[in-house]
Amino acid sequence: QAWAGEGYKRALQQLALILQELKQRNILPSPGASFLELGCGNGAMSSQYMAERGYEVSGVDISQTAIEWAIERFLTLGLKGHFTQGDVCHLKQLEADSYDVIFDGSCLHCLIGSQRELCLTEIRRLIKPEGTVVISTMAGKPKKPEDLRDFDADNYHLMRNGQPWRTLKPLTLLEEEISNQGFSIIYTDLNHNPWWDHATICCKPS
C-alpha cells in the first residue's frame, strides 16, 4: 500500500505514534494549517493521516506514477489534497513561505552528497517564518551483518550494487547538518529498530 510494502501497517502505526506525540507537545499547529510532505509516494502515509485530521495537504514525489496513485487514493477516500511531481532538490514550482508544516517522509536518507544541502535549502525557502519542519530519517549504522558489509562508514553510505543507496549519519551529525542549513532544532526522538535506527528531528527556521 506504500513504499514500506509488507511493513506498511507497522510503519503507519509508528508514524501515528510520532505525529500524536508531536501534537501533544504542541509542535504541530492546529488543523487547517498547510502541510507539505516531501517524498509523499502514493499519499498513504503522513499525507493521508493529516488530511483525515483536517490539514490542508500537499505532496510532492519524483515519481509521476506515485503522484497519480496519490490523487486516485485521495479521490477514493474523499479527501482533499494537492499532489505534484517534482524533485525535492529543485522545487521552483512551489512558492516560498507557503507551508506551516513540511514533513520529510523518509526522503532525506535517500539523498546523497550535495543533494542533501539542496533539499534542505528548498525546505528553508518553502517553510513559513514561524513554520515547523519534521525530518523523519534513517540514522546510525545498519545493524544487520549483510548491511554492515555494504556500509561505507567514511561517507555514511549504505551501498547497493556498488553505488550509494542511503545516507545513514549518526544523530549528532544529522542535527549538525540541519542546524548548519539555518534551522533551530526544537525536538528530537530516536526510534530503535533491529535493522537501523530512525530519527525524528523537528526544527524551525532560525
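The values are calculated or read from the model by the stated rules, or taken from the named source; none is laboratory data. Given the structure is predicted, the values throughout are model-derived calculations rather than measurements. Every residue, glycine among them, receives a Cβ derived from its backbone with ideal geometry; neighbour counts consider all protein chains shown. All accessible areas refer to the heavy atoms of the entire protein, side chains included, with ligands and DNA or RNA removed. Shrake-Rupley method; radii C 1.70, N 1.55, O 1.52, S 1.80 Å.
Could you tell me which residue of region 66-79 is most open to solvent (accessible area, probe 1.4 Å), considering only residues that are among the β-branched types (V, I, T) and farther than 20 Å from L108 by Cα? Taking the candidates together, the pick is T76. The set of residues in region 34-71 being outside any helix (DSSP H, G or I) and of a type in the set (S, T, N, Q) consists of S34, N42, S58, S63. Cβ-Cβ contacts under 6 Å between residues 6 or more apart (or on different chains), taken from a first residue in region 55-83 that is more than 14 Å from C40 (Cα to Cα) to a second residue that is surrounded by fewer than 20 Cβ atoms within 10 Å (Cβ to Cβ), are listed as Y55/P31; Y55/A33; E56/S34.
Residue count for region 82-116, restricted to those that are under 25 Å from D197 (Cβ atoms) and polar (S, T, N, Q): 3.
Within region 89-112, track down each residue that is over 24 Å from Q14 (Cα atoms) and of a type in the set (V, I, T). Listed by number, the list holds a single entry, I112. Among the helices (runs of 4 or more DSSP H) confined to region 80-194, the ones with at least 2 residues that are open to solvent by less than 60 Å² (accessible area, probe 1.4 Å) are located at 114-126, 171-180.
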